[in-house]
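The values are calculated or read from the model by the stated rules, or taken from the named source; none is laboratory data. Predicted model only: the values in this text are computed from it and were never measured. Every residue, glycine as well, gets a Cβ built from its backbone with ideal geometry; the counts of neighbours run over all protein chains shown.
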Amino acid sequence: MSAVRSADSVDKDGRTFYHLINNFLTSGITSASPDTIRRIRVLNLFELVFVIAAPSLGLFYFYIGAYPLFFISAVAGLLGVGTILLLRITRNPDLASNCAVFIFWSTILIIRWKTGGMSGDGLMLLSWVWNGTVILLAIFLIGYKGGAIWACLVFIESGFCMFLYKGGHSFTNLIPPAISTVYSLGSYLTGLLTILLFAFLFAKERDDARMRENDKLRMLIESRRYIESIVERLPLPTFVLDNNHRVIQWNRACHEITGIAPQEILGNRVWDGFSLDEEGSLADKLLDSPAVLAEEYSDSIISRTESGSFSIDTLLPNLKGGVQAIVNTAPIVDYNGMVKGAVQTIQDIGRRNEGSGEAPTFADDKVDYPGYPVFKIDMDGKISGWNKACEESFGYSRSHILGSNPLTIISKPYRKDFQDTVKRVFKGESLKGKQWKFYMHDGEPIYILAGLYPLISLSEKIQGCVVMCADITEIRLKVKRLERYAVESREKLRKLKESYDLLKSNVASFIRKKSD
């Protein structure tokens, strides 16, 4: 048992140590993008190495008697600690990176100034290779724009030092002559190794960026295939148009209801049976003028979202001789918010009565209307009629539900609206397009699109209210799922573009360096 506890303790200590190291490297930042987290890790690693190396170099200067450089190195190490704290407090990688580069550049400049790095010997031994290190560090930590600014500053510094050297300025050399040559050569080789290290880091960054791009492309392709698979398997007729009103997706349900195979319709305009009028389908109207669409079908709109989707209860005059349907359409947008197409679904909820197109009327208690659930409410507010389709849809038997208050099967937030609507029907109004949430016998929610009409007796008096129902649960869930997938795909496209732009910049810079 003690051995098991010991093993658990070691494992817990290991996890604690890992979390501490990870917290230090990320400065406690977890909500930033992966690229930002990577920059923060690199910055903290550099500062950790710098904080260790600067005092160590200071001890060397103390040993050879270059006391000013000892103090400079010690102060640089403390400033490195300050940069780590600055990043943790401000959570601003750009600010901390510029501070880190400034401290590194200032420290190297002062050391070279005091060790003959600006003199003729320093020029001959190429100790200025550290200027290249500063530029590469700035590019790696801040980016190409920040690196260009620091490169200009380094070039100005180099030009100023050359001006002083040509003018005969005498530079102080605190390094003893006996080790001056070895020191300069060591500085040159160390700087060269550092530049080679940055070359490997840039190559690794390029490979990582390529891998990230490939992963995102793979995810995007898989996501697109997944969405296409969902659309294909939707039980409701669903099609997708591009911004030129051409069909680019035609699912199996569309094929079954129209008899038109996908290969026959793709690239062409929507089949006339799905058209609302001569101007085309609801998706066509959404692509042309969504604002006018909202005005034209204001009385038929069931729902409308900020993302631009519409759901209306309307007649499709060319489908099966005239079908009353719930038609839903939503725009498809790219990562810039530009509309690239539209998706439309259709749910058949029955045929309109022949004649003038007026709302249906019902005599006495005959509510066994074929096609979809219909129930009746008497003037006392009790359910007095419940057809077979209601039994199948809601799960309540006729004997169980008759005489009950309909509010018992309606979700609480919808009850007041239901009561108010029934009262209006009792006064002679006919209402349609009402959307409520019911509960089935097993407790599962079901969303209903309802039309409510007065029940007229032979003496033409109102005897109750008839509620004609259409189950829209499936279409609500499918539309929400499609909207969520559209948002996720747009976000993936945006991140993919950012990664592609970064990769393009990295490759361009790499090619320029190779050319130089």
Search result, residues across segment 90-123 that are modelled with pLDDT of 85 or more and among the hydroxyl-bearing types (Ser, Thr, Tyr)
Thr90, Ser97, Ser106, Thr107
Going through (1) more than 14 Å from Val374 (Cα to Cα); (2) surrounded by 15 or more Cβ atoms within 10 Å (Cβ to Cβ); (3) within 40 Å of the chain's Cα centre (by Cα) one by one, Glu444 fails only at (2)
Surrounded by fewer than 15 Cβ atoms within 10 Å (Cβ to Cβ) and at pLDDT below 80, is that true of Ser311?
no
Scanning segment 256-276 for residues that are touching a residue at least 24 places away in the same chain (Cβ under 8 Å) and outside any helix (DSSP H, G or I), which turns out nearest to Val343 (Cα to Cα)?
Val270
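Kindly check whether there is at least one residue in segment 71-89 that is within 21 Å of Ala54 (Cβ to Cβ), modelled with pLDDT of 85 or more and touching a strand residue (DSSP E or B) at 6+ places or on another chain (Cβ under 8 Å). Don't jump to the end; show me each part of the working.
Of segment 71-89, the ones within 21 Å of Ala54 (Cβ to Cβ) are 71-88.
Imposing the further condition that a residue be modelled with pLDDT of 85 or more reduces the set to 71-88.
Narrowing the set further to residues that are touching a strand residue (DSSP E or B) at 6+ places or on another chain (Cβ under 8 Å) leaves none.
No, every residue in segment 71-89 fails to be within 21 Å of Ala54 (Cβ to Cβ), modelled with pLDDT of 85 or more and touching a strand residue (DSSP E or B) at 6+ places or on another chain (Cβ under 8 Å).
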I need the full set of residues from segment 145-174 which are modelled with pLDDT of 80 or more, farther than 15 Å from Asn131 by Cβ and surrounded by 12 or more Cβ atoms within 10 Å (Cβ to Cβ), in order please.
Gly146, Leu174
